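The values are calculated or read from the model by the stated rules, or taken from the named source; none is laboratory data. Here the structure is a predicted model, which means the values were calculated and not measured. To get the accessible areas, we keep the full protein, side chains included, count just its heavy atoms, and leave off ligands, DNA and RNA. Shrake-Rupley method; radii C 1.70, N 1.55, O 1.52, S 1.80 Å.
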Amino acid sequence: MAFFAHLHPGVAGVALIGLFILIERRAAEPVLPLHLFRLRVFSVTSVVGFIVGFAMFGAITYLPAFFQVVRGISPTISGVYLLPLMAGLLAVSITSGQVIARTGKYRFFPIAGSAVMTVGMFLLSLMGTGSSTLQDSVSMLVLGLGLGGVMQVLVIIVQNGVPHSELGVATSGATFFRSIGGSFGTAIFGAIFSNVLVGNLVSHLHGVSLPAGFSSADATPALLSRLPAAAHQGFVAGYAQSIQTVFLVAVPIAALAFLATWLIPQVELRQWPTAPAPAAPASESLDPQDAGQADG
């Protein structure tokens, strides 16, 4: 492992992935059986899950920061502002599950959900210093509706498309790729945000200097309220524009998920066998009259 520590992180990552594949091919009980990728259902849903996680976690990370810095609200209330997103996600997740259970058709939901998710990301890119709370709520609601049609349905598709003996590893694999996508998205969007923030602050501050020791990473509503009016206004405008860039970059990434969902095949839903009811104890199966005769 010391060898990988001296390599470039990207090169080390590729080398470790190759090593992982080599070990998994030879393992008697692999963590992630590679033959699952031969199944179109698993491979396509893994790609879609990765892209959805990339766009979702990478972009949504900046919503609380937007509300705290641009709107000037506390961290606690910024979480409350995310309720429209969660409401849309929960509503469509429940509805899609009921519809799929009744009709057996699931392919429509990830296609429509990823399309709505793409529109939601674009609407988030329009949020700025001049947008209203209603506009922000509608934008997050649209994004939540789209996510609700993709996230949980992908798990159902994977569970329906693999053998029953590999149900657990396939389900965890789908969650794994979504989490990995979120890790990549958070890192990449963080780099994009940091790079554009400096230029946007210089543009909006128009030569107004920030106090010595002030750092954008430590910006809080209380700290920003103590800035001079010109510096506060310029900083908020530059910060909002930088977050808009993050959401805008997420739009084509979400569109890739929409294109990938068209490759998901429609497979008839399986009816998993249920465990038989336990047999009644012998003492309970006897008729009371028979039990009396047995005692006699």
Provide the gained length on full extension for the span F37 to V80, in nm with one decimal, where the gain is 0.36 nm per separating residue minus the Cα-Cα distance. 11.5 nm
For the range 222-265, what class follows from the C-alpha gyration tensor (a ≥ b ≥ c being the square roots of its eigenvalues): rounded when a/c is under 1.5, otherwise prolate if a/b is larger than b/c, else oblate? prolate
Students sometimes get this wrong: rank I188, I100 by accessible area, probe 1.4 Å, all chains present, largest first. I188, I100
Alpha carbons only, please: Rg and Dmax for the range 129-243, in angstrom. 21.0, 65
Just to make sure I understand: if all protein chains stay in place, what is the order of V169, V119 by accessible area at 1.4 Å, largest first? V119, V169
Rounded to whole Å, √(5λ) for the Cα gyration tensor eigenvalues of the range 15-149, largest first, gives 35, 21, 12
Please report, largest first and rounded to whole Å, the three semi-axes of the ellipsoid equivalent to the range 92-185, where each semi-axis is the square root of five times an eigenvalue of the C-alpha gyration tensor. 30, 17, 9
Exposure of I21 as accessible area (Å², to 10), given a probe of 1.4 Å and all protein chains: 70 Å²
Any idea of T61's accessible area? Nearest 10 Å², probe 1.4 Å. 70 Å²
